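Engineer: Mind looking over this structure? Questions follow.
The values are calculated or read from the model by the stated rules, or taken from the named source; none is laboratory data. Not measured: the values here are computed from a predicted model. As a convention, Cβ positions derive from the backbone with ideal geometry for all residues, glycine included, and neighbour counts pool all protein chains shown. The protein model used for the area step is the full one, side chains on, heavy atoms only, and it has no ligands, DNA or RNA in it. Shrake-Rupley method; radii C 1.70, N 1.55, O 1.52, S 1.80 Å.
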Amino acid sequence: QTLASMHVRGLLAALSFAYATWQAKKPIEGMFSEAAKLDKDLVVIRTYMPSEAMKARFRKIIHDLDDREVMISVARHTETGVFLTDENHRIIDFMPKIHLTKLLQDEKAAIDELVAEFGDRVYEYDDDVIDKEFPELKMVKKMTFVHGPSNKTFDANYGKIMFNECMRIAIDQFSNRTGKIVNHGAWMIVDDVEFTGNWKELLDQYTLPRVFATENENAGGTLISSVDKPYNVNDERVAWWTQFTSPKFTAKYFNTSMTNGVLWKHTEQVVYYSARFLEVLQENMKAGYHAQSEIGTPTMCEWNDCKRINLDSEFIDGDHFFTNLNDYHTVEEIKARLKYLRVSGLKKLVHPCKW
């Protein structure tokens with residue numbers, strides 16, 4: 001035998017072994033793929049350094065929704081720094097190291113406490129994770145916040161206003177950790193909303209069959225939220241939010257022949273994204289369409305053949321006890337309202353409950 005023929009025979013033997021191994025693995029992969037479907041709703045609680053009262057809300061959500069998969073998605077700041085950027089996205093200031101170190105230590109302690117109680121339900125992320133997934137998001141203007149200890153203004157993290165991108169990261173983290181595909185859609189619940197009834201009873205009202213939306217999974221999917229309605233792009237109730245949009249979103253969804261200057265805005269304390277609508281959002285975001293989510297989510301739904309559904313008013317507390325109530329009511333008034341609703345057996349969503 002020549003050296004060349006021995007090499008060819010060795011190569012053929014190796015290929016034959018590889019093919020046999022691949023064939024042997026095929027049924028296992030098939031079984032895993034079938035088992036990898038979650039086959040129930042994912043519920044994502046979104047939070048940042050939650051208080052004890054907020055953690056009590058998490059316990060109630062988990063208890064009430066034992067037939068669904070509940071995870072807790074926690075935002076944190078990046079170790080690379082906290083900055084202030086200008087309109088051209090250039091860094092013009094940064095958090096001093098002494099304050100950044102303390103902030104990161106406090107965030108880690110809060111996350112460690114969550115993990116100690118809620119275990120592998122807890123997932124954490126920062127802006128670097130989101131930027132890696134959505135590079136064009138860096139072109140969106142950042143909202144700012146005042147950092148008390150330094151008395152300086154810095155850019156807020158994406159978790160403050162870019163809920164769609166944060167939800168995508170949470171869902172992907174869940175799938176990567178568990179190996180399960182989120183095929184029945186996902187609910188988002190923020191940490192400062194209270195529901196005075198049973199969460200299961202509320203969410204059960206809005207399954208796709210109950211809201212006659214099953215067939216829409218063949219189109220653009222379904223979005224369920226609250227106070228979802230149209231506005232002219234120049235309306236003061238949406239105009240402020242329009243500054244937090246990517247150039248591509250502005251070009252496609254502002255004042256075009258398709259939209260005719262109409263934006264949609266909703267409130268997003270409790271939101272359901274069907275599996276198909278999650279795909280639609282991801283397709284838009286990967287293509288560079290980003291916007292503050294109160295206007296971005298329902299607008300992308302409206303113009304991508306998606307069905308929009310509002311939570312029924314019977315579940316929404318009135319007299320400004322659901323939206324913007326900090327302008328009308330004190331914390332003590334809100335707590336008294338919650339007590340009244342529970343004693344009266346009234347099942348209502350109340351927000352924001354920031355304590």
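Engineer: Based on this model, can you work out whether residue 259 counts as part of a loop (DSSP other than H, G, I, E, B), surrounded by fewer than 22 Cβ atoms within 10 Å (Cβ to Cβ), modelled with pLDDT of 90 or more and among the polar types (S, T, N, Q)?
Structural biologist: For residue 259, the condition - part of a loop (DSSP other than H, G, I, E, B), surrounded by fewer than 22 Cβ atoms within 10 Å (Cβ to Cβ), modelled with pLDDT of 90 or more and among the polar types (S, T, N, Q) - is not met.
Engineer: A further question on this structure: I'd like the residue in the range 262-294 that is among the β-branched types (Val, Ile, Thr) and farther than 21 Å from residue 349 by Cβ and, out of all such residues, is surrounded by the most Cβ atoms within 10 Å (Cβ to Cβ).
Structural biologist: 280
Engineer: Go through 127, 120, 106 for me and flag whichever is in contact with a His (Cβ under 8 Å, 6 or more places away or on another chain), under 30 Å from residue 178 (Cβ atoms) and of a type in the set (D, E, K, R).
Structural biologist: 127
Engineer: Continuing with this model, one more query. What pairs can you find where one residue is in the range 97-109 and closer than 17 Å to residue 157 by Cα, the other is among the basic types (Lys, Arg), and their Cβ atoms are less than 7 Å apart, with a gap of 6+ or different chains?
Structural biologist: Pairs that qualify, where the first residue is closer than 17 Å to residue 157 by Cα and the partner is among the basic types (Lys, Arg), are 107/76.
Engineer: Does residue 107 meet the test of being surrounded by 14 or more Cβ atoms within 10 Å (Cβ to Cβ), in contact with a Lys or Arg (Cβ under 7 Å, 6 or more places away or on another chain) and modelled with pLDDT of 95 or more?
Structural biologist: Details: surrounded by 14 or more Cβ atoms within 10 Å (Cβ to Cβ): yes; in contact with a Lys or Arg (Cβ under 7 Å, 6 or more places away or on another chain): yes; modelled with pLDDT of 95 or more: yes.
Taking the combined requirement at face value, the residue satisfies it.
Engineer: Something else: Would you mention how many residues in the range 153-208 are in a strand (DSSP E or B) and either open to solvent by 30 Å² or more (accessible area, probe 1.4 Å) or of a type in the set (A, V, I, L, M, F, W, C) (or both)?
Structural biologist: Start the filter on the range 153-208 by keeping residues that are in a strand (DSSP E or B), which leaves 153-155, 181, 186-190, 194-195.
Among the residues that remain, those that are also either open to solvent by 30 Å² or more (accessible area, probe 1.4 Å) or of a type in the set (A, V, I, L, M, F, W, C) (or both) are: 153-154, 181, 186-190, 195.
Number of matching residues: 9.
Engineer: Among the residues of the range 64-85, how many are closer than 19 Å to residue 160 by Cβ and open to solvent by less than 30 Å² (accessible area, probe 1.4 Å)?
Structural biologist: 8
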